[in-house]
Amino acid sequence: MIKKDILSFTLSELESEVLSLGEKKFRASQLYGWLHEKRITAFAECANLPKTFIERLETEYFIMRPKVIRKLVSKIDGTIKYLYEFPDGERCETVLMSYKHGNSLCISTQVGCKMGCSFCASTKAGFVRDLLPSELLGQIYETERDSGRKVESLVLMGIGEPLDNFGNVMTFLEILSSEKGKNLSLRHVSLSTCGIVPRIRELADMKTGLTLSVSLHAPTDEKRSAIMPINKRYNTAELIDACRYYFAQTGRRISFEFALIDGVNDDPQTAKELVRLLKPVSPCHVNLIPVNEIREREYRKSGRVREFTKLLTDSGINATVRRTLGADISAACGQLRRDSLSEK
């Protein structure tokens, strides 16, 4: 018998499962609490469930728990980077960061990535599969267990494209925000996308309340298509129109991520083109990021960050430079997983 992944069920789905086992509906609520509030790792820990029910659960279901393969702790700022392994042997990265406002966790949504952005380490080892809701939750639950820190905000900005794994991510968000689960308001969740336009519009209609972060990195089709293949499918005009729609539907300000690459997108003309592109989306925010240097590319961090930022802000575009955390442990996405693949 193939056991079912019980952590991936929403409460309503779990109720259907429990009823199919001949149990009362309220047992689902009890079990859901054990799984997502108390974070049990074995069904035997469910103290208020009948023994016969627990035995059925053990026979037909499993509780997904990722294994910590590697853990790196920054001596600079306490950032923790985890390499997790799932039951099938696939691996992903998760990063825990501490800010004045609390602890923020960056999780992966796929094993590998198929988007092919030329400056990103996550895509270099290729795409393997989507992560399931349980595997998204598992990154949070196991990190809280291991670190002893409570996760107060979440960014879906690790390995993978969240909107390419839309169904699993939406189920995960439903469980995450459930009153009987982690109960994390989606206003404390940021989802980063390279620009899958139809999914942005669908997400807008759902009015989840989360913050949408768009990986832009270039303001024109010519420049963006050269480093981001997704732009050949959904160009900048379509992307900006979808962002305007998202703001109109949700009232949530869009954050645009812009990795500054020396000699590629850090010149004054690019800054002016970026201002022109983003004016119709105002109010918005530009998150300027010194590019992560990876072995396979000769991309280097820009030395014009301050000047570029000033050109944007002087033109009325809100822009800040992302604070770099975990620099001594290569906390940027994709590097740790790729190194581990060669060790298998």
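The values are calculated or read from the model by the stated rules, or taken from the named source; none is laboratory data. Since we're looking at a predicted model, the values are computed, not measured. Cβ: placed from backbone, ideal geometry, glycine included. Neighbour counts: every protein chain shown.
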Test result for residue 323, of a type in the set (Lys, Arg) and either more than 30 Å from residue 73 (Cα to Cα) or touching a residue at least 40 places away in the same chain (Cβ under 8 Å) (or both): no
Kindly establish whether residue 163 is touching a helix residue (DSSP H, G or I) at 6+ places or on another chain (Cβ under 9 Å), assigned by TED's automatic domain parsing to the domain that holds residue 203 and closer than 19 Å to residue 193 by Cα. yes
Filter result for the condition that a residue is in contact with a helix residue (DSSP H, G or I) (Cβ under 9 Å, 6 or more places away or on another chain) and of a type in the set (Gly, Ala, Ser), over 225, 255, 213: 225
Can you name the residue in region 161-182 that is part of a loop (DSSP other than H, G, I, E, B) and touching a residue at least 60 places away in the same chain (Cβ under 8 Å) and, of all such residues, is farthest from residue 90 (Cα to Cα)? 180
Checked against (1) more than 28 Å from residue 32 (Cβ to Cβ); (2) in contact (Cβ under 8 Å) with a residue 40 or more places away in the chain; (3) touching a Ser or Thr at 6+ places or on another chain (Cβ under 6 Å), residue 229 satisfies every condition except (3)
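Which is buried (at least 17 other Cβ atoms within 10 Å of the Cβ), of a type outside the set (Val, Ile, Thr), touching a residue at least 40 places away in the same chain (Cβ under 8 Å) and outside the structural domain of residue 37 (by TED's automatic domain parsing), of 144, 152? Show your work before the answer.
Details: 152 fails: buried (at least 17 other Cβ atoms within 10 Å of the Cβ).
144 is the lone residue from the list that is buried (at least 17 other Cβ atoms within 10 Å of the Cβ), of a type outside the set (Val, Ile, Thr), touching a residue at least 40 places away in the same chain (Cβ under 8 Å) and outside the structural domain of residue 37 (by TED's automatic domain parsing).
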So which of 2, 40 is out of contact with any helix residue (DSSP H, G or I) (no Cβ under 9 Å at 6 or more places or on another chain) and of a type in the set (A, V, I, L, M, F, W, C)? 2
Going through (1) more than 18 Å from residue 195 (Cβ to Cβ); (2) at pLDDT 95 or above one by one, residue 326 fails only at (2)
Residue 190 versus (1) touching a helix residue (DSSP H, G or I) at 6+ places or on another chain (Cβ under 7 Å); (2) under 30 Å from residue 218 (Cα atoms): which is the lone unmet condition? (1)
What do you reckon, is residue 278 touching a residue at least 12 places away in the same chain (Cβ under 8 Å) and over 22 Å from residue 155 (Cα atoms)? yes
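So that you can scan it fast, the table gives a plain yes or no per residue for (1) assigned by TED's automatic domain parsing to the domain that holds residue 143; (2) in a strand (DSSP E or B):
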{"position": "53", "(1), (2)": "no, no"}
{"position": "56", "(1), (2)": "no, no"}
{"position": "83", "(1), (2)": "yes, yes"}
{"position": "88", "(1), (2)": "yes, no"}
{"position": "94", "(1), (2)": "yes, yes"}
{"position": "103", "(1), (2)": "yes, yes"}
Determine the pairs where a residue that is over 16 Å from residue 134 (Cβ atoms), located within region 27-45, has a partner that is of a type in the set (A, V, I, L, M) and outside any helix (DSSP H, G or I) with Cβ atoms under 8 Å apart, the partner being 6 or more residues away or on another chain. 27/49; 30/49
Residues within region 113-149 that are of a type in the set (Gly, Ala, Ser), in contact with a Lys or Arg (Cβ under 7 Å, 6 or more places away or on another chain) and modelled with pLDDT of 95 or more, tallied: 1
